[in-house]
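Every number here is computed from the coordinates shown, using simple stated rules; none is lab data. This is a predicted model, so every value here is computed, not measured. As a convention, Cβ positions derive from the backbone with ideal geometry for all residues, glycine included, and neighbour counts pool all protein chains shown.
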Amino acid sequence: MKRGKAAPVPRTRAEFHRAEHNAVVVDGEVYFAVERDDAVHVLSSRCPHRGGPLHLGDVEGGKLRCPWHGSMFPMARLCDQSHPAIRVGDTVAVYLPTGKSEPVPVKTIVRAGVAPA
């Protein structure tokens, strides 16, 4: 059986202003932005261990702590798995997977008590 190329994953453009928002919800999935090595990285908020909301976690010593169970994830590893993003001034643009070919809802959110970078 001959295998062809995998079908491309549908994506939706999300754009947000870093001075006002630190996370975006695309089709019900939360993604958040972090700064590392003079670049912005947009990461899935879903903890790979138990699905917890990583956008509510704290960075400690270069690692992100999951707020649900305390697991620590190296920021370098998380950023290696980030979605490609472009920052122009304070505006971040990223194409995020949706699994759907039609337009999906996009909204921005801010974590209470945290000043965006």
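What order do you get for LYS63, LYS5 when you list them from fewest to most C-beta neighbours inside 10 Å?
Numbers: LYS63 16, LYS5 5.
Ordered from fewest to most neighbouring Cβ atoms within 10 Å, LYS63, LYS5 come out as LYS5, LYS63.
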Legend entry - 5 angstrom amide H check on LEU64, placed H, neighbours 5+ away: PHE73, MET75
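Using a Förster radius of 30 Å, what is the FRET efficiency between GLU29 and GLU60 based on their Cβ-Cβ separation? Nearest 0.05, please.
0.75
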Inset, instruction - Please list the non-local residues whose amide H lies under 5 Å from the amide H of VAL30, H modeled 1.01 Å from N, same-chain partners needing a gap of 5 or more. - result: SER45
Legend entry - Simple spin-label estimate for ALA39 and GLN81 in nanometres, 7 Å along Cα-Cβ: 1.7 nm
